[in-house]
Amino acid sequence: MSASPPSVADLLQLVRTVPDFPKPGIAFRDLTPLFADPAALRTLVDELVDRCRPMACEAIVGIEARGFLVGPPMACAMGVGFVPARKPGKLPRPTYGVDYALEYGMDRMEVHREDVQPGQAVLIVDDLLATGGTAAACATLVETAGARVCGYGFVAELRSLAGRQRLRKGVACESLVVYD
C-alpha cells in the first residue's frame, strides 16, 4: 500500500479470489489480506464507521468469528459496547440463543442475556453478507433479547446470493465491497 490511505476501491485489489474453495465451483473471496494490511484495516474500519454512524446504534453485535475482527474497533470509534454472538457453549453466563438453518445443516448462536438491553438499538456486523441466513438469525437473537436492530454493516457482499432479501425490511444495510 502507498503512504496515503487506501480508498474503498483499493480494498478490492487486496481481496483474493480462491477458486474451488471450499468445494469445486465456488470462488471464495478471501478478505484476510484486508485485515493483515494496517492501512487497509484502518480504511475498512473508518469507512464502516462513517457509513453506519447514522444508524445511531447503542451497541454492536458481531457475528463469530470474523465479525469479531471489525466489531470491536467500530465500537471503540463509535463509543458503544461490543457484544459477541457466539457458537453454543462458548459463553459462561446465561444466554439467549437461536437455532438457524445453514446450507448443510443447522447451527446456533448465543449472546449473554445481560449484554443486550431491552429497547437498545443494535448494529449487527460481520465480514460477509452472502445468503443472509446468519445475519437474519442474529437479528432474531437481538430481538429475542428485547433489543431492536437498527442496521447491518458488512465488509463485503455477494449480491448474486440475495442476502439482503433475508434481512429486516426497512433496516439500513451497508457493505463496503459488493460483488455481483
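The values are calculated or read from the model by the stated rules, or taken from the named source; none is laboratory data. Since the structure is predicted, the reported quantities are computational estimates derived from the model, not experimental observations. A quick note on method: Cβ atoms are made from the backbone with ideal geometry, for glycine too, and the neighbour counts reach across all protein chains shown. When the accessible area is computed, the model is the full protein with side chains, heavy atoms only, and any ligands, DNA or RNA have been set aside. Shrake-Rupley method; radii C 1.70, N 1.55, O 1.52, S 1.80 Å.
I'm trying to understand the selection: among the residues of region 151-180, which are closer than 18 Å to LEU48 by Cβ and out of contact with any Asp or Glu (no Cβ under 8 Å at 6 or more places or on another chain)? Across region 151-180, the qualifying residues are GLU157, LEU158, LEU167, VAL171, ALA172, CYS173, GLU174. Evaluate region 60-81: report whether one residue or more is among the acidic types (Asp, Glu), within 16 Å of ARG168 (Cα to Cα) and surrounded by fewer than 21 Cβ atoms within 10 Å (Cβ to Cβ). The answer is no, given that none of the residues of region 60-81 is among the acidic types (Asp, Glu), within 16 Å of ARG168 (Cα to Cα) and surrounded by fewer than 21 Cβ atoms within 10 Å (Cβ to Cβ).
Residues in region 135-180 that are in contact with a helix residue (DSSP H, G or I) (Cβ under 9 Å, 6 or more places away or on another chain) and of a type in the set (Ser, Thr, Tyr): TYR152, SER175, TYR179. Annotation note: Cβ proximity below 6 Å between a residue of region 21-49 that is without any contact (Cβ under 8 Å) to a residue 60 or more places away in the chain and a residue that is among the small types (Gly, Ala, Ser) and surrounded by fewer than 18 Cβ atoms within 10 Å (Cβ to Cβ) (sequence gap 6+ or interchain) occurs for VAL49/ALA77. Restricting GLY81, GLY119, GLY67, GLY97 to those that are within 19 Å of LEU44 (Cβ to Cβ), touching a residue at least 24 places away in the same chain (Cβ under 8 Å) and of a type outside the set (A, V, I, L, M) reduces the list to GLY67. The residues in region 128-171 that are open to solvent by 30 Å² or more (accessible area, probe 1.4 Å), closer than 16 Å to GLY62 by Cα and in contact (Cβ under 8 Å) with a residue 60 or more places away in the chain can be counted, and the count is 2. When ARG108 is tested against the conditions (1) in contact (Cβ under 8 Å) with a residue 24 or more places away in the chain; (2) not in a loop (DSSP other than H, G, I, E, B); (3) not aliphatic (A, V, I, L, M), the lone failure is (1). Scanning region 1-36 for residues that are of a type in the set (Asp, Glu), modelled with pLDDT of 95 or more and either under 19 Å from VAL178 (Cβ atoms) or open to solvent by less than 70 Å² (accessible area, probe 1.4 Å) (or both) yields a single hit, ASP30.
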